[in-house]
Structures are given as C-alpha cells and as structure tokens.
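S.K.: Pasting in a structure now, in structure tokens, and then I'll have a few things to ask.
The values are calculated or read from the model by the stated rules, or taken from the named source; none is laboratory data. Just so it is clear, the model here is predicted, and its values are computed rather than measured. Because the Cβ atoms are built from the backbone with ideal geometry, glycine has one as well, and the counts that use them run over all protein chains shown. Protein only, heavy atoms only, side chains kept; ligands, DNA and RNA dropped before computing areas. Shrake-Rupley method; radii C 1.70, N 1.55, O 1.52, S 1.80 Å.
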Amino acid sequence: MALEVKNVRKVFSINKDGIEVLKDINLNIKDGEIVSVVGSSGCGKSTLLKLLIGLEDVTEGDITINEKKPYEIDSTEVGMIFQEARLFPWKSVYKNIEFGIARKDIPKKEKKELVNHYIELVGLKGFENALPDQLSGGMKQRVSIARTLINKPKILLLDEPFGALDAFTKINLQNEMLNIWEKEKTTMIIVTHDIDEAIYLGHKVVVMSPKPGIIQKEFKIDISRPRSRTSDDFDYYRKKIYKEFFGENIANIEYII
Ligand SMILES: Nc1ncnc2c1ncn2[C@@H]1O[C@H](COP(=O)(O)OP(=O)(O)OP(=O)(O)O)[C@@H](O)[C@H]1O
Ligand SMILES: [Mg+2]
C-alpha cells in the first residue's frame, strides 16, 4: 500500500495553549517500501505514526493510504509494533499469537496451521506452550511481531521495536524483518533511534528535527542487499546522517539525543 502525507500539521491542545508538534510534513511512501524515521526524543515520530494509523487526527493537511483516509482503512490491513511487547502474561506463546487473528471465522485446522506458520517464521518453534515470563525480551518481541504479522498487514508501523534489546538480538530481528519483507513486500515505516538500524533496513531514511517536528532531510539509501554495516557504502550514509544531526562536531551528541 502506498502512503501520501501532504502538508500535515498537528497541534495538541494542552489546557488553553496549543503545542505545534508537527509542521509541514510531506512524505511519499511507495508500495513495498521500507522507510526509517530518525529524530531526537519528542520530535513527533510516534505522533506521526498515530496519524498514519488513524489514532489521532491531523490538524491540517491530508494523509492518504491507497486513496483512502487512515480511518477508512480496514484495521487488519495496518499492523503496529511497539517498543515493548504487549502480551497477555497468562496466555502461552501459541495463545498470544492466536489471539491476534482478526478473522474469527477461520476453520480450526486452518487457524492452527496459520499460528504454527508464524511461530516458525519468528523462530519460536518449541516454545509454543511457554508463558511470556519464561521468555527473554527478544523472544517476547518475536511473539508480538508474529501476532501482528498473522493478519498479513499491508502496512507495518514499528515504533522503536528493537530499542530495548541487546545488539545481537536486535540484528537477528532486523534480519527477520527483512526476510519477511522479501516474502511479503509489506510497506514498513520504522521509527528508530539507531542510525545503523535505519540505514540497514530503509530504502529511505527520513531525518526529523524538533520544535516543531519537521522533516529535515530524506536520504535514499542506494546500497544493494544484503547490506554490510562495515562497507564503505554504509559508512558513507552513516557519516551523512550523523552530520545532519550533529554537524561536524560529534561531541554535540550528548546534548541532542
Ligand atoms: N496526546 C498528547 N497530548 C499532548 N501532547 C502530546 C500528546 N502526544 C504527544 N504529545 C507531545 O508531542 C510531542 C511529540 O511526542 P512524540 O511522542 O510524538 O515524540 P517522539 O518523537 O515519538 O519521542 P520519543 O523518541 O521520545 O518517543 C511531545 O512534546 C509530546 O509531549
Ligand atoms: Mg516515540
């Protein structure tokens, strides 16, 4: 599904005053594209995702998803993954994933095949009966990913999905997302604080800046896949994006992030 964001502005009213959180946001996302969004805390990244999913209304401007407004889109076509896995602690891995199925009229056998397929896809075979408390953080996030993917959303919005994970688990899950993308060509928008993650995953990296949140720059990432974090190409974009945030003086980093 393709997305078009046109001249979007978002103002939240706190008491009588309004705060302008997003301003002049223009963004085109093609069907099957992965777009990474980076920007400092509070610049409006999560708000942008909420506008895209129809959880919040724009104050001005337009958002269209395949010619429709966000609230007109069938909720099963859009999936959202958050930083922390939100699982039912009393339900097993299997039951948590099964619960994600939006279509309630699926025959039992088909349902079982579907759940098992996604358990396998996220590498949790053998853990079907485990409870969330018996899983590591990365495994919990895998359950959450499977539960969202099971409806085959056409658009997947990810809000710092791997932020709480260690570097190895993070890289594994990034690769899993790319495997899924290879198979399903899902349009993905991933908000992240990790510049390497943004470059590794994105066809495009959108850099936002705060107060009010604007799109400062877009980088088309012209590196063939699989991408290597240690390649010169990768470093080229890494440097460009770091410079976009911090100028030449990387010592500014602690004041901005
Ligand atoms: N419902 C709301 N009412 C009022 N203000 C809000 C609301 N939601 C968000 N804001 C404000 O909008 C701004 C952007 O918030 P948002 O959560 O989109 O930032 P973010 O870029 O996702 O930050 P982070 O990286 O820390 O998650 C913040 O100043 C926040 O206080
Ligand atoms: Mg956020």
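S.K.: Which is surrounded by 14 or more Cβ atoms within 10 Å (Cβ to Cβ) and within 23 Å of LEU48 (Cα to Cα), of LEU124, LEU157?
M.R.: None of the others qualify; the one that does is LEU157.
S.K.: Can you find a residue in the range 22-29 that is within 14 Å of ligand 1 (Cβ to nearest atom), assigned to a strand (DSSP E or B), open to solvent by 80 Å² or more (accessible area, probe 1.4 Å) and not basic (Lys, Arg)?
M.R.: Taking every residue of the range 22-29 in turn, none turns out to be within 14 Å of ligand 1 (Cβ to nearest atom), assigned to a strand (DSSP E or B), open to solvent by 80 Å² or more (accessible area, probe 1.4 Å) and not basic (Lys, Arg).
One line per residue, one yes/no per condition, for (1) away from ligand 2 (no atom under 16 Å from the Cβ); (2) of a type in the set (Lys, Arg):
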{"site": "LYS125", "(1), (2)": "yes, yes"}
{"site": "ASP133", "(1), (2)": "yes, no"}
{"site": "ARG147", "(1), (2)": "yes, yes"}
{"site": "ILE150", "(1), (2)": "yes, no"}
{"site": "PRO153", "(1), (2)": "yes, no"}
{"site": "GLU160", "(1), (2)": "no, no"}
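S.K.: In addition: Please enumerate the residues belonging to the range 163-175 that are over 13 Å from the mean Cα position of the chain (by Cα) and either open to solvent by 40 Å² or more (accessible area, probe 1.4 Å) or more than 19 Å from LEU124 (Cα to Cα) (or both).
M.R.: Within the range 163-175, ALA164, ASP166, ALA167, PHE168, ILE171, ASN172, ASN175 qualify.
S.K.: What residue, of ILE97, ILE101, ILE145, ILE106, is over 30 Å from GLU20 (Cβ atoms), touching an Asp or Glu at 6+ places or on another chain (Cβ under 8 Å) and surrounded by 13 or more Cβ atoms within 10 Å (Cβ to Cβ)?
M.R.: Of the residues listed, the single one that is over 30 Å from GLU20 (Cβ atoms), touching an Asp or Glu at 6+ places or on another chain (Cβ under 8 Å) and surrounded by 13 or more Cβ atoms within 10 Å (Cβ to Cβ) is ILE145.
S.K.: Give me a count of the residues in the range 37-71 that are of a type in the set (D, E, K, R) and within 16 Å of ligand 2 (Cβ to nearest atom).
M.R.: 3
S.K.: Continuing with the same structure: Give the residues of the range 30-48 that are more than 8 Å from ligand 1 (Cβ to nearest atom) and either open to solvent by less than 80 Å² (accessible area, probe 1.4 Å) or in a strand (DSSP E or B) (or both), sorted by residue number.
M.R.: Correct list: GLY32, GLU33, ILE34, VAL35, SER36, VAL37, VAL38.
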